[in-house]
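Participant: The structure under discussion is supplied below as structure tokens; questions concerning it will follow.
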Amino acid sequence: MATTPALRIGTRSSPLALTQTRMVADRLRELTGRDIEIVPIKTDGDVLTGSLSQMGGTGVFVTALRDALLDGRCDVAVHSLKDLPTADVDGLTYVTPVREDPRDALCSRDGHRLADLPHGAKVGTGSPRRAAQLRLVRPDLEIVDIRGNVDTRLGRVAAASATTDAGDLDAVVLAAAGLNRMGRSAAITELIDMSVMAPAPGQGALAVECRTADLAPEDAETNLHAAFTELDDAGTHLAVAAERALLARLEAGCAAPVGTYARVVDDVLTLQVIVARPDGSEQLTHSAETEVTLNSRDEARRLGTDIADHLLTLGAADFV
Ligand SMILES: NCc1[nH]cc(CCC(=O)O)c1CC(=O)O
């Protein structure tokens, strides 16, 4: 009797991506009983240099992984959900495990919080959303466009030691989720309140993706249906569905930085949004809620779309 082939999981090869993929791999090994093979895939986001916001942004980390899934070079792909473009891809389906902390984290020299960073402090981020929201609360800061993996970014705020030079920045802002997953929570000096900095849509959540055909119940040996159903967290999935529907509608009408966070508590889905002018001179905020069951994905999407329409009515499209 032939043995079931190993389940091949495609991933970017950055330390964060590998860490996230190993976490999912452990779960899928338990849930499927299959051997797991991790397949590193190079993406444009890893190969190209230059500012991420100049690179066309959405999809640079994702397209090569999705091609590998569609070509059959891997069976599962693990993405940071916030890096996924909002458009669905024919033939692919993803689930969302329980979300990590969605907040942004300030990692500063000398333990400073955002409010007490020295006047004119240099803060690194490559994200127009983080830059705009920083400028709103601290117009005096010097925002420096940076990229690179988590350790590279943290290294730019390192204190001088016998072996390294001091970093050139006073602080960087990173997703708490990535820091926590990498075991770098100790670098966080403030978890920034979401009313000050609303996270990127999907931040802190993973998308675990496969070919939709491999979820078909007929194909017993390689069928991923049971494992993917178990891996999915319904509350996370509803929340990110609302956030992504909002982003999709705003993307059509507006290129302004968008922060948003949704969550389900006691059958109520709440969605909060901040749309900022890139220069931080102004912001629009809104929040709304709707009753849901864990199957109400269409309802969640409608909430996101409706709030986006409302923000466009209030002039979000002029915020570019
Ligand atoms: N675009 C890079 C990226 N994609 C996902 C994360 C963090 C992990 C997450 O949000 O789940 C990061 C790094 C960061 O923003 O600090």
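Every read-out reported here was derived from the displayed coordinates using simple, explicitly stated rules and does not represent laboratory data. Please read all numbers here as calculations on a predicted model, not as lab measurements. Heads up, the Cβs are rebuilt from the backbone with ideal geometry, glycines too, and the neighbour counts pull from every protein chain shown.
Participant: Can you give the FRET efficiency for D35 and N149, using 1/(1 + (r/R0)^6), R0 = 41 Å, r = Cβ-Cβ distance, to the nearest 0.05?
Facilitator: Values: r = 28 Å, r/R0 = 0.69.
Result of the calculation: an efficiency of 0.90.
Participant: Find which of L303, V273, A198 sits farthest along the positive direction of the dipole of the chain, computed with +1 on the beta-carbon of Lys and Arg, -1 on that of Asp and Glu, about the Cα centre.
Facilitator: A198
Participant: Can you work out the FRET efficiency for the pair R73 and T305, with r the C-beta to C-beta distance and R0 = 41 Å, to the nearest 0.05? Provide the component values of the computation, followed by the final result.
Facilitator: Working: r = 35 Å, r/R0 = 0.85.
With R0 = 41 Å, the Cβ-Cβ based efficiency is 0.70.
Participant: If each residue of separation counts as 0.36 nm, what is the full-extension length gain between D110 and R27 once their alpha-carbon separation is subtracted? Before the final figure, lay out the partial values.
Facilitator: Values: separation 83, 0.36 × 83 = 29.88 nm, distance 3.81 nm.
Answer, rounded to one decimal: 26.1 nm.
Participant: Lys/Arg Cβ at +1, Asp/Glu Cβ at -1, dipole of the chain taken about the Cα centre: which of P118, T290, T313 is farthest positive-ward?
Facilitator: Toward the positive end, the furthest listed residue is P118.
Participant: So if we plug the beta-carbon distance of T19 and T313 into 1/(1 + (r/R0)^6) with R0 = 41 Å, what FRET efficiency do we get, rounded to 0.05?
Facilitator: Rounded to the nearest 0.05, the efficiency is 0.45.
Participant: Quote the charge dipole size of the chain about the Cα centre in Debye, to the nearest 20; the model charges only the Cβ of Lys and Arg (+1) and of Asp and Glu (-1).
Facilitator: Working: 32 positive and 47 negative charges, 157 e Å.
Here the chain has a charge dipole of around 760 debye.
Participant: What's the percent breakdown of Cα-Cα distances in the range 233-320 across 5 Å bins, shortest bin first?
Facilitator: Bin by bin from 0 Å, the calculated values are 3, 17, 29, 22, 14, 9, 5, 1.
Participant: Please identify the DSSP H helices in the chain that span no less than 15 Å along the helix axis (Cα) and have a mean Kyte-Doolittle hydropathy of -0.5 or more. Don't skip to the answer; put the middle values down first.
Facilitator: Numbers: long enough: 15-32 (25 Å, -0.16); 234-253 (29 Å, 0.56); 297-313 (24 Å, -0.76).
TM-like helix candidates: 15-32, 234-253.
Participant: Also: As I understand it, the dipole of the range 154-294 uses +1 on the Cβ of Lys and Arg and -1 on the Cβ of Asp and Glu, about the Cα centre. Which of G253, G155, L169 lies farthest toward its positive end?
Facilitator: L169
Participant: Across every pair of different alpha-carbon atoms, what Kirkwood hydrodynamic radius in Å does the chain reach?
Facilitator: Details: mean 1/r = 0.0487 Å⁻¹.
Roughly 20.5 Å, rounded to one decimal.
Participant: Subtracting the Cα-Cα distance from 0.36 nm times the residue separation, let me have the gained length for V98 to H225 in nm, one decimal. Walk me through the numbers on the way to the answer.
Facilitator: Numbers: separation 127, 0.36 × 127 = 45.72 nm, distance 1.77 nm.
Taking V98 through H225 to full extension adds about 43.9 nm, to one decimal.
Participant: How much length is gained if the chain between V265 and T212 is pulled fully straight, taking 0.36 nm per residue apart and subtracting their Cα-Cα distance, in nm to one decimal?
Facilitator: Details: separation 53, 0.36 × 53 = 19.08 nm, distance 3.00 nm.
Fully extending the segment from V265 to T212 adds 16.1 nm.
Participant: Suppose every Lys and Arg Cβ carries +1 and every Asp and Glu Cβ carries -1, with no other charges. What dipole size does the range 233-320 come out with about its Cα centre, to the nearest 20 debye? Spell out each step's value before the answer.
Facilitator: Working: 7 positive and 14 negative charges, 42 e Å.
With only Lys, Arg, Asp and Glu charged at Cβ, the dipole is about 200 debye.
Participant: Projected area of the range 104-191, taken from the Cα convex hull and averaged over every viewing direction, in nm²? Please list the in-between numbers first.
Facilitator: Working: hull surface 21.5 nm².
Here the figure is 5.4 nm², rounded to one decimal.
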